[in-house]
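As structure tokens, the structure follows; a few thoughts come after it.
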Amino acid sequence: MIGIDLGTTNSLICVFEDGAPRLLTNALGHLLTPSVVSLDGDKVLVGEAARDRQTTHPKDTAAAFKRAMGTDTTFQLGRKKLRAEELSSLVLRKLKDDAEAALGQTIRDVVVSVPAYFNQGQRQATIAACAMAGLNAVRLVNEPTAAALAYGLQDRDGESQFLVFDLGGGTFDVTVLEHFDGVMEVKASSGDAFLGGEDFSEALAKAMADKIGTPWAKLAKDAQHQLRLQADVAKRHLSGKDDFEARLKLDGAHHTLTLTRADFEQACAALIKRLHRPIERCFYDTGLDTDALDRVILVGGATRMPMIRQMVARQFKRLPEMTIDPDHAVALGAAVQAALVAEDRALDDVVMTDVSPFSVGIETATKLKNGTVIGGFFQPIIERNTPLPASRQDSFGTMDDNQTQLRVDIYQGEAPKVSDNVHLGQFLLDVPKGKAGHEGMFVRITYDPSGLIEVEATSITDGKKAGLVIRDNVSNLTEAEIAKRLKQMQAFKMHPREDEENTAFLARIRRLYEMASGDDRHLLQGMLMEFEGALEGQDPAEISRMRGDMGETLDRIDDYYVS
Ligand SMILES: Nc1ncnc2c1ncn2[C@@H]1O[C@H](COP(=O)(O)OP(=O)(O)OP(=O)(O)O)[C@@H](O)[C@H]1O
Ligand SMILES: [Mg+2]
């Protein structure tokens, strides 16, 4: 009886035994395994080592692929191209391997959690990912339902309406649930696919750049990445205390900044505002009153920030519950559901809302003052998570004088550039000649619950129309394709578990090397050589002693640059 939380940022695996769920640790002894995959030659790394390689080997590393589940988007890792299902299957395989080592037995049947707004295609993709990892998904559970199960809400009488507020690494989901007679019904689900803890880190990183006196936009990509990592650490400290001293190195110069929680909260004011809209939409859609809620539950690592708790308390005029660690609740609940499945008492978990699983919009371009055209931008018209049926329109102008046609290119997805989204179709609309920007069109997109997408463009001045009807092309692999890919995935060799501490240790030295400078770099270089030498020596006691000794120095360096 195993439950899995396959998250965008972190994943967890949990067993249900002796009447209670228990989270299992990975090969490094941690409960959270970052959902990051990196290829190192012919070996696959998943988890912390892979996350450190995002800094040192970005071209061989993929993260946040959960967003692309059920689409044909592929991720390039070195010379390999992998789909989201395949990358997810590697994360699942890692969780499985580690859990098997912890439990001393093989695992096959699992319950996996998925966001409530996942449509059939995205659910199928999750099941396929399990199959490719040698797991049998006996059931999927909606993430908010799992969180409710972790809190034991199914056992309470007289309480029926719950709100689950989930702010993870990259996504925000708010869900209203109703429990009645063994059925958990998702009444409304709304959210923002591009709002999560990482955005709070970025806001703090920008504030840090301002304090140093270098505007964020002027920083090189590398420097931005470093600052973001440092802001992430500062952010976590500021969840527990009022101020924090950050020492950091940027473009060769050292800086010491005192960051206060108030500074941080000020830098995040716009993000906090963005959290309100989906909440309002959720209540508007259901016609529910916030007073009718029996309980409000916080889930997701980012709800550890006091400003989030305050915002929720203010919005719902009550203290939200967070007695269970917010990063653990979904996995614990998935294991509870697994136990209920095994006893044939599984909670029926139905989704009543139909929401658009992806954003749908069109490609836009702009012309800079010097005449250069930059295109390929995605302009969503119907945003992800909009309750269906929905019909929205937007207007677009011509770019050149006397332009006679406008091209409408329709895409679905969540990436800002259309090249990273899925192309759904294209058509042209004739418009009268005129000055650039004086002519234009309205584009209306209508999306119905059966997955039919209708796009209609109307010329603003003469009313001429053109359009297209598309079927939502959530793309799923066929049984035959899954079987074929299963073989291919089995050919990927996981990094040996017994080496994992060493691999993660090396990845950490390399990441710090990129961050450090001067003497510290020399020191790290020396450590790298010494440690590689010890690895060649193959004396486990010596290797482990060295990790212990060097670990302290690494902590100091990490601390120096990041804290
Ligand atoms: N103490 C803390 N203070 C502030 N933020 C934190 C803290 N601990 C974790 N976080 C943030 O929580 C986020 C990760 O949350 P979580 O593990 O719940 O995400 P996830 O479920 O994998 O992602 P998603 O919900 O987007 O699928 C990260 O942005 C991390 O920085
Ligand atoms: Mg989550």
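Below, the figures for the structure above:
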{"read-out": "Failed item in (1) β-branched (Val, Ile, Thr); (2) modelled with pLDDT of 90 or more; (3) surrounded by fewer than 22 Cβ atoms within 10 Å (Cβ to Cβ), with THR73 passing the rest", "value": "(2)"}
{"read-out": "Residues being over 21 Å from THR171 (Cβ atoms) and in contact with a helix residue (DSSP H, G or I) (Cβ under 8 Å, 6 or more places away or on another chain) - total across the range 378-410", "value": "1"}
{"read-out": "Flag for LEU95 being within 16 Å of ligand 2 (Cβ to nearest atom) and either over 26 Å from SER450 (Cβ atoms) or not in a loop (DSSP other than H, G, I, E, B) (or both)", "value": "yes"}
{"read-out": "In the range 485-511, the residues that are among the charged types (D, E, K, R) and not in a helix (DSSP H, G or I)", "value": "LYS493"}
{"read-out": "Test: residue in the range 546-560 that is at pLDDT below 85, in a helix (DSSP H, G or I) and aromatic (Phe, Trp, Tyr)", "value": "yes"}
{"read-out": "Count of residues meeting criterion [in a strand (DSSP E or B) and closer than 20 Å to PHE194 by Cα] in the range 373-391", "value": "8"}
{"read-out": "The range 275-319: number of residues that are in contact (Cβ under 8 Å) with a residue 40 or more places away in the chain, closer than 30 Å to LYS206 by Cα and within 15 Å of ligand 1 (Cβ to nearest atom)", "value": "14"}
{"read-out": "Number of the condition not met by HIS225 [criteria: (1) touching a strand residue (DSSP E or B) at 6+ places or on another chain (Cβ under 9 Å); (2) assigned to a helix (DSSP H, G or I); (3) modelled with pLDDT under 90]", "value": "(1)"}
{"read-out": "Scope the range 285-309; condition touching a strand residue (DSSP E or B) at 6+ places or on another chain (Cβ under 8 Å), of a type in the set (D, E, K, R) and assigned to a loop (DSSP other than H, G, I, E, B); matching residues", "value": "ASP294"}
{"read-out": "Residue selected from the range 299-320 under the condition away from ligand 2 (no atom under 16 Å from the Cβ) and among the aliphatic types (A, V, I, L, M), by the criterion farthest from ASP263 (Cα to Cα)", "value": "LEU319"}
{"read-out": "Residue check, ALA231 buried (at least 20 other Cβ atoms within 10 Å of the Cβ) and outside any helix (DSSP H, G or I)", "value": "no"}
{"read-out": "Output for the range 430-452, where each listed residue is aliphatic (A, V, I, L, M) and surrounded by fewer than 20 Cβ atoms within 10 Å (Cβ to Cβ)", "value": "ALA436, LEU452"}
{"read-out": "Any hit, the range 228-244, residues being closer than 30 Å to ARG384 by Cα and within 16 Å of ligand 2 (Cβ to nearest atom)", "value": "no"}
{"read-out": "Residue check for LEU477: surrounded by 13 or more Cβ atoms within 10 Å (Cβ to Cβ) and not in a helix (DSSP H, G or I)", "value": "yes"}
{"read-out": "Pick from the range 103-119, criterion of a type outside the set (A, V, I, L, M), under 20 Å from the mean Cα position of the chain (by Cα) and part of a loop (DSSP other than H, G, I, E, B), ranking: nearest to ligand 2 (Cβ to nearest atom)", "value": "PRO115"}
{"read-out": "Unique match (being at pLDDT 90 or above, in contact with a Leu (Cβ under 8 Å, 6 or more places away or on another chain) and closer than 23 Å to TYR117 by Cα) among LEU39, LEU12, LEU32", "value": "LEU12"}
{"read-out": "So THR33, is it surrounded by 24 or more Cβ atoms within 10 Å (Cβ to Cβ), touching an Asp or Glu at 6+ places or on another chain (Cβ under 9 Å) and not hydrophobic (A, V, I, L, M, F, W, C)", "value": "yes"}
{"read-out": "Filter result for the condition that a residue is farther than 19 Å from SER239 by Cβ, surrounded by 20 or more Cβ atoms within 10 Å (Cβ to Cβ) and touching a helix residue (DSSP H, G or I) at 6+ places or on another chain (Cβ under 9 Å), over ILE279, ILE308", "value": "ILE279"}
{"read-out": "Sole residue being closer than 17 Å to LEU293 by Cβ and away from ligand 1 (no atom under 16 Å from the Cβ), chosen from LEU153, LEU135", "value": "LEU153"}
{"read-out": "Odd one out for MET515, checked against (1) loosely packed, with under 13 Cβ neighbours inside 10 Å; (2) touching a residue at least 60 places away in the same chain (Cβ under 8 Å)", "value": "(1)"}
{"read-out": "Residues of the range 156-178 satisfying the condition of being away from ligand 2 (no atom under 11 Å from the Cβ) and either assigned to a loop (DSSP other than H, G, I, E, B) or in contact (Cβ under 8 Å) with a residue 40 or more places away in the chain (or both)", "value": "ARG156, ASP157, GLY158, GLU159, SER160, GLN161, PHE162, LEU163, PHE165, VAL174, THR175, VAL176"}
{"read-out": "The range 423-461: number of residues that are part of a strand (DSSP E or B) and either outside the structural domain of ASP394 (by TED's automatic domain parsing) or not small (Gly, Ala, Ser) (or both)", "value": "20"}
{"read-out": "Condition check for CYS268: in contact with a strand residue (DSSP E or B) (Cβ under 9 Å, 6 or more places away or on another chain), in contact (Cβ under 8 Å) with a residue 60 or more places away in the chain, crowded, with 18+ Cβ neighbours inside 10 Å and closer than 23 Å to LEU163 by Cβ", "value": "no"}
{"read-out": "Residue in the range 183-222 that is modelled with the highest pLDDT, counting only those that are closer than 16 Å to ASP263 by Cα and within 16 Å of ligand 2 (Cβ to nearest atom)", "value": "PHE200"}
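The values are calculated or read from the model by the stated rules, or taken from the named source; none is laboratory data. Worth saying up front: this structure is predicted, and the values here are computed from it rather than measured. Here Cβ is always computed from backbone atoms with ideal geometry, including for glycine, and neighbour counts include all displayed protein chains.
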